[in-house]
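Working notes, structure below.
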Amino acid sequence: MAGTVPKLAAPRPAAAGPLPSQPLRAAALAFAPSARRFRVSLAGRARSPVIAMASAKEGNGAVTKRTTLHDLYEQQGQSPWYDNLCRPVTDLLPYIANGVRGVTSNPTIFQKAISSSNAYDGQFKELISAGKDAESAYWELVIKDIQDACKLFEPIYDETDGADGYVSVEVSPRLANDTQGTVEAAKWLHKVVNRPNVYIKIPATAECVPSIKEVIANGISVNVTLIFSVARYEAVIDAYLDGLEASGLSDLSRVTSVASFFVSRVDSLIDKMLEKIGTPEALAPRGKAAVAQAKIANQLYLKKFSGPRWEALVKKGAKKQRLLWASTSVKNPAYLDTLYVDPLIGPDTVSTMPDQALDAFIDHGTVARTIDANVSEAEGIYSALEKLGIDWEEVGKQLEHEGVSSFKGSFDSLLTSLEEKGNALKTAANL
């Protein structure tokens, strides 16, 4: 997307998202702690408190824990997801009770989970004893976590008729530049996880955009990850639409997708570029690039999911590929800790938050429709940065390369440690 961003009219406010039913809320509440403030331990490490902002009585006498996450979904139609997963997976239950509606994972999350906890040791030992190699054992560990998490979120999936309640698992990052390898890996993961509410994560690399089309055409729901530019995002939308059209399915309602548009990492890179330029004009928009680009991406979403082509798919039950805001934790401590959540709230979107962002938003986030506010200002910032020499597509390519490399590094590091651990177990067994 080169040159000046075209002006796109801001849409009229839509109705608030649907209210979850009494049975779903009651099911989640059955696991909710009674205290107003509670602490969840993940992988043996204490997390900061998740705070219930208010309480109310349900008709059955149970206490409903109200948080800003409930308000986010019920008032604004944005689904809050949690960007973390580890054992015991039941640690997700209080998050669900407090309004979390889905989970995202990635190779780095699993590297931290498996390497920092002994909760995986028993299963790993059994797998090695059964003759599994380190990589096969890794996938067995991951698949069990994903299946267990899918089970916890299945009530939300059922309640929303497949619109929410998803758990995401990523194909091997070693396949980020392998079109057909990614397709086969996605098919395999979909088959072995065997849960209706699993999203198979595929990176939005140039090589994997065709993979997205083919996987969608095979009726597999996809979370497209590592999107850093509007240009690549448009290619992802087209791959989704092409896949739906190529599927040959008469009912498209169970083939869904999210497009994970990364936010904070954009500011981290562009801020450095602006500081290198060093002029007052360059320093002024620091901390504004990421949200500006995200708002423009949302305008593209509104444009692409309308018109005759989309309406023809809707007649077959197609659902919009929702925008998912990823990389929502603040990297610069000088910035407000809800910077990448508060300004990007709107209907039919998802915000996946790691602990830092989730706790901050529950504690002092503002629930208001903001995604289509100040669009002209966002377009002005985008264009001004171009005039300063910022090449948005090049920024996207660099961040994509860094993201893929980071995930590959985590994956390779974990497999190395699992191989060493497996060899030690085999040696001990032979003594």
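Coordinate-derived values only; no laboratory data. Note that this is a predicted model, so its numbers are computed, not measured.
Rounded to the nearest whole angstrom, the semi-axes of the ellipsoid equivalent to region 68-430, taken from the Cα gyration tensor as √(5λ), stand at 32, 25, 21, largest first. For the pair residue 249 and residue 401 in one chain, pulling the backbone fully straight at 0.36 nm per residue adds 51.2 nm over the alpha carbon distance. Residues whose amide H comes within less than 5 Å of that of residue 79, counting only those at least five positions distant or on another chain, are 349, 350, 351 (H built at 1.01 Å from N in the peptide plane). Within the straight-line cut-off of under 18 Å between alpha carbons, the lysines reachable from residue 151 are 191, sequence neighbours fewer than 8 places apart in one chain being disregarded.
Computed from backbone phi, the HN-Hα couplings of region 281-286 come to 5, 6, 6, 4, x, 4 Hz, rounded to whole numbers (Karplus: 6.51 cos²θ - 1.76 cosθ + 1.60, θ = phi - 60°; Gly and Pro given as x). All C-alpha pair distances within region 135-197, sorted into 5 Å bins from zero, spread as 4, 18, 24, 22, 17, 10, 5, 0 percent across the bins. Sorted into 5 angstrom bins from 0, the C-alpha pair distances of region 161-276 split as 2, 12, 22, 22, 19, 10, 5, 3, 2, 1, 0 percent.
In whole Å, what is the distance between the alpha-carbon centres of region 322-394 and region 148-202? The two parts, judged by their Cα centres, are 26 Å apart.
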